Amino acid sequence: MRDYVPEEEFTLEDILREFGSGPDTPPPEPVLPGMPEAFPTLPEIPELPPDACSEELNREEETQEEPAEAPKEPKRRKPKRVRKEKKPLAEVSDDPYVDDFEALEGDEADYAFSMSPGKAEKKQRQPRMEQIPEVPEKVRSAESILRDVETREKSMDLRLRICLVVTVVNLLLAIYHGIGLHWIHGFENVAALGVISLLLLLCAVGVAYDVIYKGLRQLGGSHYGSEAFLPILSVAGVVEAVFAIIAGRLPFCALVSMNLLCALWAQQRQAEALRSAALVLQGTALHGVRRIDGAWQGHSAAARGEADTEYFEAMLESDGPQKKVLRVYVPIAIVLSLLLAGLAALLGQLNFFWIWTALLLVASPISCFLCFALPNGLLVDRLARKKAALCGWYGAQVLNRCEALFLRNGELFPEGSLKLSGIKVFGSYQSGQVMSYAAAVLQGTGCDAASVLTSAGEPLPLIGALRAFDEGGYSGEIGTDTVLVGTLSFLKRMGVHLESGARVRQALYVAINGELAGLIALRYEASTGVQRALKSLSGRSAPAPVISGGDVLITPAMLRAKFRLPLDRLICPPLRERLRCAGITACGEDLQGAVVAKGGLEPISAVCMGAKALVTAVHTALVLSVLAGIVGMIVIFLLATTDGMALVTCARLLGFALIWGAAFLIAAMSVLKK
């Protein structure tokens, strides 16, 4: 469950109690949940005399009373607006020896989260809450998906290759006739080319029988898809080919074969995507990437949590947006093409199947069949190499709405990347005592340095009165000793005297009873996977990375120096806010968008960025498909009614399809850039 620390609110009774009109005991300081109050105590505020306090309150009440008749003020000119310079959020020095908390002096509250630069953020924003969809009754497990794909893989690959060869030969015949080449003996006759093209189309129809049968089932039901074009288009293409051979022109068989090939390829890509995603579930140490609504200043944030494999399998085959859009577009396009073909045939005295086949071809571009299968297949293959997988289109929608991403300490620096570099003690303290005291303080804070110090030191003593400070450190009581552990600037603010030479890069400073006891130098090793992940999160469309965790040495300046990246969008809240974010655990109540079988930041950032890229690519492909269909039908109808149908040849329709197909490929390949 998530642990939220409520913000402190002050009432009138608290103010009166603070200034002496209430009980003499001051209110306790806010501490972290489960941590009692400890050293150091805040300086007491001098109390005002009771008479002065009551006179001041009476004076304020008198000023708030409205007069009976307010005199009319003369009209004043509206002063000119002065453009104020925007105040930077948290300026961090580039010097790796300077702590980030020194740069935040006086501005600890100015770490406000800005989702879109240049726009003012709302102070209170209601998070968008969604209900978790119910798991369907019939769910295929990962083992059954792998078994089905393996049994169909060989036959599907063979049929796809045959259809590819047949389509390529048919397209070459269309290009040969369209360019006007007649240098091959025996191919000068258009009727002969038409017969060959028709035979190749019949071969493609026999090979792609499964997608045609799927289209027949869609036509018989109410769930239309892109495959619903194929049965009608195949019949219309064969009939049109017969009339074209009689009329002495080349039929549109090559384009019909190309649509069958695209539908068969989409089915094969979808099967491979299911297999790659199911293989991720075979890994060990699975974690779920979940969206936590309202976790970061009212915005949704992504974080690593528990994995629900059953729900992942149920949502893996969730319907994409193409089914919702095509469910409306396909029947309208079929009926509209039928009406326009009949009207144009009556007005222009032309063959009905000639016009109708051309209208059906432009109404069903290749992007109509591949709008989801191609970008999803490319993304699934890319994520599988990083041991991650999205929960289908449902998972892409879940993670697409994440506006922040929590960066845990173990994700920025995985296990083995943090090592002990050395220790220096001061005074009469021993190194074992300093390390055990520091490990005891850091044990419950989420700082990985605690495990490093524990392996090298003695058994940990009992710790009490543990507190965290936004300045970058912790305090605790071990027996009669008060221990401070934190950065150099933290000890300075706590009034600890620092000796000369106590200035070491990436070191934890330990003070016992207000006296510097030692410093522990740590070495953080940067990995290339985390560097790639941070680089991908630097884009404007990426979720804002938020540092969460109790390691006070992990700061924006330190990450910039380690990974050699600008990291302008990186957010580093105060320490207590970081601990609160680290304590938020993604559980079953939060929406799961992906599953990862690998530690570190790279797989989590890959699924978050991949979800946003997939949603953008699929929506763009759908817009291109519908736009190409509308524009194509308008152009064909105008040409048919203005005696320009002779310009509608197989080669020109192929050029029209390739132009829109190139735009679709550019949109689909965008999933590989992020």
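The values are calculated or read from the model by the stated rules, or taken from the named source; none is laboratory data. This is a predicted model, so every value here is computed, not measured. Reconstructed Cβ throughout: ideal geometry from the backbone, glycine too, with neighbour counts over all protein chains shown. When the accessible area is computed, the model is the full protein with side chains, heavy atoms only, and any ligands, DNA or RNA have been set aside. Shrake-Rupley method; radii C 1.70, N 1.55, O 1.52, S 1.80 Å.
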If I ignore ligands, DNA and RNA and count only protein heavy atoms, how much of HIS497 is accessible to a 1.4 Å probe, in Å² to the nearest 10? 140 Å²
Among the listed pairs LYS323/LYS387; LYS598/LYS673; LYS154/LYS535, give every one whose C-alpha distance is greater than 30 Å. LYS154/LYS535
Testing the spin-label approximation: label points 7 Å from Cα along Cα→Cβ at LEU346 and ASP643. State their distance in nm. 2.2 nm
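Using the heavy atoms of the protein chains and a 1.4 angstrom probe, tell me the accessible area per residue for the stretch 474-532 in square angstrom.
Working: 2330 Å² over 59 residues.
On a per-residue basis, the stretch 474-532 sits at 40 Å².
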Before I look further, what does the stretch 586-641 give for accessible area per residue, probe 1.4 Å, in whole square angstrom? 27 Å²
Show log10 I(q)/I(0) for the stretch 524-670 at q = 0.10 Å⁻¹, two decimals, from a solvent-free Debye sum over equal Cα scatterers. -0.57
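At R0 = 30 Å, how high is the FRET efficiency between ARG140 and LEU338 if r is their beta carbon distance? Nearest 0.05 is fine. Mind showing how you got there, number by number?
Numbers: r = 37 Å, r/R0 = 1.25.
So, using R0 = 30 Å, E works out to roughly 0.20.
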Average accessible area per residue (Å²) across the stretch 199-241 - probe 1.4 Å, nucleic acids and ligands excluded: 42 Å²
Take every Cα pair under 8 Å in the stretch 257-321 that's 6+ residues apart, average their separations, divide by the length, and report that relative contact order as a whole percent. 24 percent
Sites THR284 and SER541 - FRET efficiency at Förster radius 35 Å, r taken between beta-carbons, to 0.05: 0.60
Once neighbouring chains are kept in place and the probe is 1.4 Å, which whole percent of the accessible area of the stretch 615-661 is contributed by carbon and sulfur? 79 percent
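Give me the percent of the accessible area of the stretch 316-425 that comes from carbon and sulfur atoms, probe 1.4 Å, all protein chains in place.
For the stretch 316-425, the apolar C and S fraction of the accessible surface comes to 62 percent.
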Carbon/sulfur fraction of accessible area - the stretch 538-597, other protein chains in place, 1.4 Å, %: 48 percent
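In what sequence, largest accessible area first, do SER318, SER431, SER548 appear using a 1.4 Å probe?
Final ranking, largest accessible area leading: SER431, SER318, SER548.
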If R0 is 35 Å, what FRET efficiency do you get for VAL195 and VAL631 from their C-beta distance, rounded to 0.05? 0.60
Peptides 487-493, 388-394, 251-257: what's the order by average Cβ count within 10 Å, highest mean first? 251-257, 388-394, 487-493
